[in-house]
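First up is the structure itself, then whatever we jot down about it.
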Amino acid sequence: MTPAGTLTVRSSGAEVAPEGTIVTDHKGGFRGRVLRVFGPVSRPYLVVRPRRAVSPAEGAALIGASLLRDSREEGAR
């Protein structure tokens, strides 16, 4: 979690969600949108703007958690 309230996450591989993509948690709950992709091409970082402010406790709970590309967006593209 950054001081600006965004989340910085690491991609599991070279294929990443483009900027603007909705990301969800493992239960399918909306977590936020990808704002920026940066870093090494083999495993880039993504900056995600959460749908709401995340408390320090919630931020700590997200360490090691997976965020997923919203599968409902796949059909919209």
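Taken together, the values in this text are just the output of simple stated rules run on the coordinates, not laboratory data. On a predicted model such as this, the values are computed, not experimentally measured, just so you know. Because the Cβ atoms are built from the backbone with ideal geometry, glycine has one as well, and the counts that use them run over all protein chains shown.
One table, with the values for the structure above:
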read-out: Long-range HN-HN contacts of Arg36 with modeled amide H, under 5 Å; value: Val47
read-out: Hz values of 3J(HN,Hα) by residue in the stretch 59-70 - Karplus curve (6.51, -1.76, 1.60), Gly and Pro given as x; value: x, 5, 5, 7, 4, x, 7, 9, 10, 10, 5, 5
read-out: Computed over the chain, Kirkwood Rh from alpha-carbon pairs, angstrom; value: 12.7
read-out: For Arg31, distant residues with modelled amide H under 5 Å away; value: Val23, Thr24, Asp25
read-out: Residues Glu58, Glu15 arranged by fewest to most Cβ contacts within 10 Å; value: Glu15, Glu58
read-out: Highest-fluctuation residue, Ala61, Ala53, Ala17 considered, GNM on the chain with Cα pairs under 10 Å; value: Ala61
